[in-house]
Structures are given as structure tokens and as C-alpha cells.
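Readers should treat all values here as calculations from the given coordinates under stated rules, not as data from a laboratory. Keep in mind it's a predicted model, so treat the numbers as computed, not measured. Because the Cβ atoms are built from the backbone with ideal geometry, glycine has one as well, and the counts that use them run over all protein chains shown.
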Amino acid sequence: MEKDQKSEQKLRSAEWFGKTDKMGFIYRSWMKNQGFPEHLFDGRPVIGICNTWSELTPCNAHFRDIAEVVKRGVYEAGGFPLEFPITSLGETLMKPTAMLFRNLASMDAEESIRANPLDGVVLLTGCDKTTPSTVMGAASVDLPTLVVPGGAMLNGKYRGKDIGSGTDVWRFTDELRAGTMTPKDYLSAESCMSRSNGHCMTMGTASTMACMVEALGLTLPGAAAIPAPDSRRKVLAQLSGRRIVHMVKENLTISQVLTREAFENAIRVNAAVGGSTNFIIHLLAIAGRVGVELTLDDFDRLGSKIPLLVNLMPSGKYLMEDFFYAGGLPVVLQEMKEHLHLGAMTITGKTMGQRIEEAEAEGHNPEVITPFEVPLRKEAGIAVLKGNLCEDGAVIKPSAATPRLMQHRGRAVVFESIEDYHARIDDPDLDVDETCVLVLKGVGPKGYPGMPEVGNMGLPKKVLAKGVLDMVRISDGRMSGTAFGTVVLHVCPESAIGGTLAFVHNGDMIELDVPNRRLHLDVAEEELARRRRSWQSAEPLANRGYVQLYINHVQQANKGADLDFLVGKSGSQVTRDSH
Ligand code: FES
């Protein structure tokens with residue numbers, strides 16, 4: 001970098017590396033034990049590479065390689081890259097649920113960024129929660145920030161057919177329980193499903209999050225769809241490393257990208273790609289960090305009329321690799337540009353409109369990405385339900401549901417907890433048939449705690465045996481983005497804090513009416529009041545540590561399930577600087 005460019009603005013990192021006193025000695029000297037030469041401390045932008053690598057997060061296990069390539073780009077543009085780890089959240093292994101730790105990881109990201117001599121940040125994200133947690137944390141600091149998603153796995157291949165992460169696990173598991181798949185075949189499908197680096201390759205939560213950050217303008221164009229092992233993922237990483245250095249020079253902070261318009265774009269794009277319901281919770285939480293007013297109703301109002309353009313599991317048939325070959329998100333943005341805020345700024349320093357225009361994206365497979373005029377479904381976005389069973393809202397993903405169940409009245413079969421569900425669901429004496437509504441309590445943010453992905457409860461064996469594959473299910477939990485079915489989720493207020501869901505009894509009649517956005521418990525108000533009076537909340541599951549902090553401070557799903565004291569931002573100023 002030229003000397004005159006460097007001197008144009010005082011960088012944040014100069015408060016550490018620019019000092020000539022004892023503290024400057026300390027700041028630089030210990031860094032030099034890694035072999036960094038003197039010239040790297042000459043006032044060039046210091047770029048943090050926030051790495052969510054972990055062998056316990058298999059979807060992000062290739063991130064050390066990606067970080068090295070990002071560094072190439074940073075050096076190439078005259079910056080000084082420094083990689084740092086934060087808490088990594090692996091969806092498949094963490095118990096009780098990775099969601100319990102999303103806010104913890106966001107605190108880790110926020111404090112790690114603020115406390116260190118960084119001028120800009122690259123977030124390496126992949127598995128579901130690693131995207132929202134890092135973006136939330138970075139948004140609360142508000143430095144120039146961009147995201148490099150790690151990419152999806154290659155398509156699963158099983159006996160000549162493509163199989164999708166998650167989606168086919170649910171399908172195979174139902175087949176195993178119904179006796180139409182052998183345990184041996186079930187085992188052999190495991191390694192066929194996950195055969196390369198990368199995250200789930202369905203339009204599950206990780207792919208949804210990758211599309212979300214691209215639609216928000218936080219990545220370089222085309223970042224969401226490149227498969228993890230494809231060499232172009234490394235090209236993206238290197239170019240991102242170059243770009244972040246320029247963002248620092250331009251002082252293009254994350255809050256200039258995360259505007260109300262950007263959030264509205266993301267909501268509409270999520271509908272078009274058939275994204276996960278988890279998107280709602282994470283986007284609400286991110287908006288809360290940057291002070292953008294976003295409500296549950298915005299998702300329905302802005303997204304529900306947007307057609308489904310992307311034919312990926314679980315709403316459709318194909319997988320992320322196919323999405324990439326068909327042109328990826330730039331084609332979707334091109335198709336729906338009349339429904340986007342084209343003036344929204346992106347990390348490239350160009351508006352969304354300029355990006356779309358320059359990309360001149362062409363679709364290569366209309367079966368995978370359909371033209372806007374001939375969509376897979378006319379209305380695909382998330383529907384927000386209201387009613388006496390969910391005064392503050394509940395959500396359903398119509399594109400993953402069974403059309404004939406979208407208006408349904410059925411008898412409630414109630415499970416008081418997930419343990420109760422597991423104990424009784426296959427009991428031959430359970431009084432249930434396919435017209436019933438399965439109700440699960442105690443899986444909300446405070447109740448579980450952490451709001452696990454159990455809302456897509458497997459159907460009772462005796463219903464599956466009849467060949468029935470879907471029933472209406474209702475809970476205060478979440479469901480995996482790879483799951484499907486007529487599943488009402490995120491019921492607010494949750495049962496653990498005395499939401500009406502807590503008072504549903506076996507045999508009560510429940511009406512689901514998605515076209516009219518209604519979820520109604522058909523029980524007289526006097527009877528509900530009587531039940532309410534005799535209700536007692538359960539003992540909290542933790543009396544110390546992070547889990548207690550979480551239970552005491554987590555907000556409801558309609559607010560993004562962030563901790564109340566994390567909403568907003570503190571900026572990049574360190575709390576005290578006595579040196
Ligand atoms: Fe990591 Fe699905 S388990 S993305």
C-alpha cells in the first residue's frame with residue numbers, strides 16, 4: 001500500500017501498533033514471536049479473520065484452508081491478516097441444542113472483535129448458527145465487515161440417486177420405522193449423504209443463511225451457492241480478503257449495509273429460495289443488533305406473496321450443487337429485481353441494483369431456478385399466524401407443507417415435553433389418527449431451554465403404517481431447515497411462561513387456517529381462564545452459569561430469541577483504555 005493512502009485516515013489498530021511507548025513495544029513485540037516482520041506494523045489495515053473452524057463442527061472443518069486463502073487476498077491488497085477462533089456451533093453434535101449457544105457465540109464474536117486491534121473483519125461461516133452468531137456480534141461492534149460462507153457439501157449420492165442432508169434423513173427414518181427400509185440400508189446411506197467438505201446441501205438453515213448474507217449484501221456476488229470443494233470457493237475467499245482491505249479504506253461499516261432496505265430484500269429473497277423458518281429468528285436478532293425495526297408481521301407482509309423460484313429440497317427436488325450450476329443467487333436476484341430495493345448498499349461499495357446489472361446473470365437450468373413468471377409455487381414465503389393459541393404469533397412454511405392440510409380442524413393429542421413425546425408416540429394404545437393435531441409443549445426458548453429443532457415431530461408408527469406422511473403439528477419449538485410437513489412453529493408466548501399453548505388438553509379441537517392466518521384453540525374463554533388459574537410453571541432447569549443467564553434473559557421467538565441485554569450495539573470503542 002502507498003504511504004499517502006495509509007496516512008489518509010487514522011486506523012483503529014494504530015491505538016495498539018502505532019504507539020511508540022512501552023505499550024507499543026508490548027503490543028508489537030509479542031506479535032513478533034510469530035515471525036511477523038516490522039513492516040506489517042506500519043499502519044496498514046489489520047484484518048481479523050473470525051474463524052468458526054472446529055472438528056466438532058464438521059460443516060466448518062475445512063475453514064483453516066479457507067482462512068489461509070483469505071489471508072492471501074488481504075496481503076495482496078496491502079493489509080495485515082490475523083486469524084482468531086471463536087466458539088463454533090456444530091448443529092449435529094451439540095446438546096441440548098446449538099441454538100442455546102448462538103447468543104453466547106455472538107458475545108464471543110463481539111467481544112473478540114472489539115477487544116483487539118482490528119480495523120476490519122472477515123467472518124467465516126457455515127453450519128447453521130455460525131452465520132447469525134458472528135453477524136450479530138460483528139453488527140454490535142460495527143466495523144467494516146464481510147462474510148465468506150464456507151459452501152455446501154456436494155450432492156449426496158445413494159444407489160444412483162441424489163440424496164439431501166437432513167431431508168432424506170427424515171424420510172429414511174420414517175421408512176425405517178414403517179419397516180420399508182432395512183437397518184443395513186439405513187447405515188449404508190450415512191456415508192453416501194455426507195461425502196465432501198461443506199454444510200448441508202439442501203436449502204436447510206445453513207444454505208438459507210448463506211443466501212441471507214448474500215441478499216443482505218454482506219458477501220461478494222455469488223458467494224452462497226459455490227460448493228465447498230469447488231476451486232471457485234477459494235477464489236471467492238481470496239477476493240474477499242482483498243475487498244475487506246478496501247472496505248476499511250472506504251470506512252464502509254456493516255451498519256451501512258444492514259439497512260431496513262437490506263432486511264426487506266433478504267425477506268423477499270428467502271421466500272423465493274424456499275428458505276428455512278430459522279431465518280426469521282436469526283434475521284430478527286440481527287436487526288435488533290443494528291437497531292432496525294423488524295417485526296414478525298414484516299415476514300408475512302413482504303414475503304408471503306413472493307413466488308418460489310428455487311427448486312431445492314425440502315420445498316423442491318434439487319440440491320445446492322445444482323443451484324450453483326444453474327447460476328446461484330445472482331440469477332434469483334436478477335429474476336426478482338423488481339421486488340428488491342435496488343438502492344441498498346452492499347459490501348462491494350456498489351448498490352444491489354448495480355451488482356445485479358453488472359452480474360448480467362443468466363439462468364442455466366429453468367428447472368432449478370424458474371423464471372419469475374412461471375414459478376414453482378405462486379406464494380412461497382413464510383405465513384405468520386395469529387389467534388388465541390399464539391397471541392404474539394406463530395409461523396408455518398407453506399412451501400414445505402401439504403396443501404390440503406392448510407385448512408384443518410382436528411383433535412389435539414398433547415405431549416407435555418419432548419421426553420413425553422418420545423415415550424408415547426409409538427404406543428399402540430395412543431389415541432391418535434391422521435386427522436389429529438400433534439401438540440408439543442415445553443420446547444420454546446426458555447422452556448427447553450434453547451428452542452430445539454423438534455417441531456417436525458415424527459408421525460406415530462400406526463399412522464405411518466397407513467402410508468400417511470403428514471399431519472398438522474404445533475409447538476413452541478423450531479424445526480430443522482431441512483425438514484418438511486404441515487408444521488406450526490415458534491408459538492408465542494411459549495408454554496413455559498404460561499402462553500395458551502400450556503393450557504391445551506387432549507381432545508381439545510384446534511383450527512388451523514393458513515389462508516386466513518389463524519390458529520385457534522376451540523375452548524371457551526371461561527374454561528381457559530380456569531385452566532390458567534390452576535397452572536404452575538416448571539422449575540428452571542439451571543441455577544448457575546450461562547444456561548441460567550440464558551433462561552433469565554432470552555426473549556421470545558417473535559423478537560429473535562436474543563438476550564435482552566445484547567439488543568443494540570456498543571460500537572468499536574473499547575470500554576476502558578488505561579494504557
Ligand atoms: Fe451443519 Fe446442517 S449440520 S449445516
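Odds and ends about this structure:
- The criterion of being crowded, with 21+ Cβ neighbours inside 10 Å, within 23 Å of Asp522 (Cβ to Cβ) and more than 27 Å from the chain's Cα centre (by Cα) does not hold for Val395.
- Region 310-329 - residue that is among the hydroxyl-bearing types (Ser, Thr, Tyr) and not in a strand (DSSP E or B) and, of those, surrounded by the most Cβ atoms within 10 Å (Cβ to Cβ): Ser315
- Applying the condition of being small (Gly, Ala, Ser) and buried (at least 21 other Cβ atoms within 10 Å of the Cβ) to region 55-76 and asking which residue is nearest to the ligand (Cβ to nearest atom) yields Ala67.
- For Thr205, the test of being in contact with a Ser or Thr (Cβ under 6 Å, 6 or more places away or on another chain) and polar (S, T, N, Q) is passed.
- Being within 30 Å of Arg404 (Cβ to Cβ), in contact with a Pro (Cβ under 7 Å, 6 or more places away or on another chain) and among the small types (Gly, Ala, Ser) is a property that does not hold for Gly507.
- Test: residue in region 220-233 that is in contact with a Pro (Cβ under 8 Å, 6 or more places away or on another chain) and under 23 Å from Met99 (Cβ atoms): yes
- Exclusive hit being touching a residue at least 40 places away in the same chain (Cβ under 8 Å) and closer than 30 Å to Gly387 by Cα, set Lys305, Lys234: Lys305
- Assessment of region 84-91 against the conditions (aliphatic (A, V, I, L, M), surrounded by 20 or more Cβ atoms within 10 Å (Cβ to Cβ) and within 16 Å of the ligand (Cβ to nearest atom)) yields at least one matching residue.
- Within region 432-456, the set of residues being farther than 15 Å from Ala561 by Cβ, in contact (Cβ under 8 Å) with a residue 40 or more places away in the chain, more than 16 Å from the ligand (Cβ to nearest atom) and not in a strand (DSSP E or B) comprises Lys441, Gly442.
- The single condition from (1) away from the ligand (no atom under 16 Å from the Cβ); (2) without any contact (Cβ under 8 Å) to a residue 12 or more places away in the chain; (3) not aliphatic (A, V, I, L, M) that Lys95 fails is (1).
- Scanning region 102-118 for residues that are within 16 Å of the ligand (Cβ to nearest atom) and crowded, with 23+ Cβ neighbours inside 10 Å yields a single hit, Arg102.
- From the options Ala206, Ala225, residue that is within 16 Å of the ligand (Cβ to nearest atom), not aromatic (Phe, Trp, Tyr) and not in a helix (DSSP H, G or I): Ala225
- Selection over region 119-142 of residues that are more than 13 Å from the chain's Cα centre (by Cα), crowded, with 24+ Cβ neighbours inside 10 Å and under 14 Å from Ser570 (Cα atoms) gives a count of 5.
- Subset of region 5-64 [among the basic types (Lys, Arg) and either assigned to a loop (DSSP other than H, G, I, E, B) or in contact (Cβ under 8 Å) with a residue 60 or more places away in the chain (or both)]: Lys10, Arg12, Lys19, Arg44
- When each of Ala502, Ala538 is tested for being among the aliphatic types (A, V, I, L, M) and outside any helix (DSSP H, G or I), the lone residue that passes is Ala538.
- Only residues that are free of Cβ contacts under 8 Å to residues at least 60 places away in the same chain and either among the aliphatic types (A, V, I, L, M) or touching a helix residue (DSSP H, G or I) at 6+ places or on another chain (Cβ under 8 Å) (or both) were counted in region 478-528, giving 7.
- Test: residue in region 524-535 that is surrounded by fewer than 15 Cβ atoms within 10 Å (Cβ to Cβ), under 26 Å from the mean Cα position of the chain (by Cα) and not in a helix (DSSP H, G or I): no
- Region 85-118, residues that are more than 30 Å from Lys249 (Cβ to Cβ), outside any loop (DSSP other than H, G, I, E, B) and in contact with a Ser or Thr (Cβ under 8 Å, 6 or more places away or on another chain): Phe101, Arg102, Asn103, Leu104
- Selection of strands (runs of 3 or more DSSP E) fully inside region 119-192 by the criterion of at least 1 residues being within 16 Å of the ligand (Cβ to nearest atom) and closer than 30 Å to Leu82 by Cα returns 120-125, 145-149.
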